[in-house]
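Undergrad: Supplied in structure tokens, the structure appears directly below.
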Amino acid sequence: MEHKNPLRIVLVAPRNPLNIGAAARAMSNFGCLELRLVNPYEVAFREARSAVKAHKVLEKAKEYSTLGEAVADCGLVVGTTSIGHRALEHPLKRLELGGKLIARKLASAPVALLFGSEKFGLSNADMSHCHWLMRIPTREEHGSMNLGQAVAVCLYEIVRSPDAAKALPETRREARAGDVERITAMLEEILEQSGYVHERVEGSTELKLRRLIRRMKLNAHDAEVWLGILRQIRWKLLS
């Protein structure tokens, strides 16, 4: 059974079917399946239903005539804005903080995340339904983002886990000391055959090779690969 994410993405007066489809696809990517549209342009919504790999989200999307109805069941309503030159009457949070607050609230209540129309964004009347506003930290000279991209960036910030980045990747078994020493001896032999190593520096070269190869921190698989490579080189030199 699919886990039901209590986050609602609310698009207010969207007009471009490509944007609606891109937003739905981003939602599907991040496991957020409840899309709500307030007064969508009819043609745009109808055409968007064919969006690749987002049909499930679009099939279940709900239409509302007012924003109040679309967010009535939510414990937190957050609007998105690029600010521009308008004066805001709401607390404004950057995405990094806003994403954490939304994720925390989702544990206890549904949350509505609002995105305005492509041309004008959220109106003052739309914002009056919000508890606070959130912005993606874009550069001042080009603050607004494509609707689908903005949805994707916000969802990523909400669902990402900083602890996951700290987890160490799965490591392979380290090469045994005996295998590393065989690589050292074989490489030294090859270097002698090629003329790289001379008798008067043979001892110091061996020490340098031993230290060099150990700094590589080879795993068992890579050690086997190197042994195979060196065997082939040695065979070619001696044949």
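Yes or no, residue by residue, for (1) part of a loop (DSSP other than H, G, I, E, B); (2) among the basic types (K, R); (3) surrounded by 17 or more Cβ atoms within 10 Å (Cβ to Cβ); (4) not assigned by TED's automatic domain parsing to the domain that holds A13:
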{"position": "G68", "(1), (2), (3), (4)": "no, no, no, no"}
{"position": "G79", "(1), (2), (3), (4)": "no, no, yes, no"}
{"position": "K93", "(1), (2), (3), (4)": "no, yes, yes, no"}
{"position": "G98", "(1), (2), (3), (4)": "no, no, yes, no"}
{"position": "R104", "(1), (2), (3), (4)": "no, yes, no, no"}
{"position": "A109", "(1), (2), (3), (4)": "yes, no, no, no"}
{"position": "L114", "(1), (2), (3), (4)": "no, no, yes, no"}
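Undergrad: I'm trying to understand the selection: among the residues of region 116-128, which are of a type outside the set (D, E, K, R), surrounded by 18 or more Cβ atoms within 10 Å (Cβ to Cβ) and at negative phi?
TA: Residues of region 116-128 of a type outside the set (D, E, K, R): 116-117, 120-125, 127-128.
Restricting the remaining residues to those that are surrounded by 18 or more Cβ atoms within 10 Å (Cβ to Cβ) gives 116-117, 121-122, 127.
Once the filter is applied, which keeps residues that are of a type outside the set (D, E, K, R), surrounded by 18 or more Cβ atoms within 10 Å (Cβ to Cβ) and at negative phi, region 116-128 yields G116, S117, L122, M127.
Undergrad: Could you count how many residues in region 189-215 are under 16 Å from G178 (Cα atoms), free of Cβ contacts under 8 Å to residues at least 12 places away in the same chain and surrounded by 13 or more Cβ atoms within 10 Å (Cβ to Cβ)?
TA: Qualifying residue count for the region: 0.
Undergrad: So which of S28, S82, S65 is at pLDDT below 90 and either at positive phi or not basic (K, R) (or both)? Walk me through how you get there before you give the answer.
TA: Working: S28 fails: at pLDDT below 90; S65 fails: at pLDDT below 90.
Just a single option satisfies the conditions, and that option is S82.
Undergrad: So, one more: Please specify each residue of region 101-159 satisfying the condition of being charged (D, E, K, R) and touching a residue at least 24 places away in the same chain (Cβ under 8 Å).
TA: Initial filter on region 101-159 (charged (D, E, K, R)): 104-105, 118-119, 126, 135, 139-141, 157.
K105, E118, K119, D126, R135, E157 - these are the residues of region 101-159 that are charged (D, E, K, R) and touching a residue at least 24 places away in the same chain (Cβ under 8 Å).
Undergrad: At pLDDT 85 or above and either within 14 Å of F115 (Cα to Cα) or within 22 Å of the chain's Cα centre (by Cα) (or both): does that describe L37?
TA: Details: at pLDDT 85 or above: yes; either within 14 Å of F115 (Cα to Cα) or within 22 Å of the chain's Cα centre (by Cα) (or both): yes.
Answer is yes for this residue.
The values are calculated or read from the model by the stated rules, or taken from the named source; none is laboratory data. Since we're looking at a predicted model, the values are computed, not measured. Positions of Cβ are backbone-derived with ideal geometry, glycine not excepted, and every protein chain shown enters the neighbour counts.
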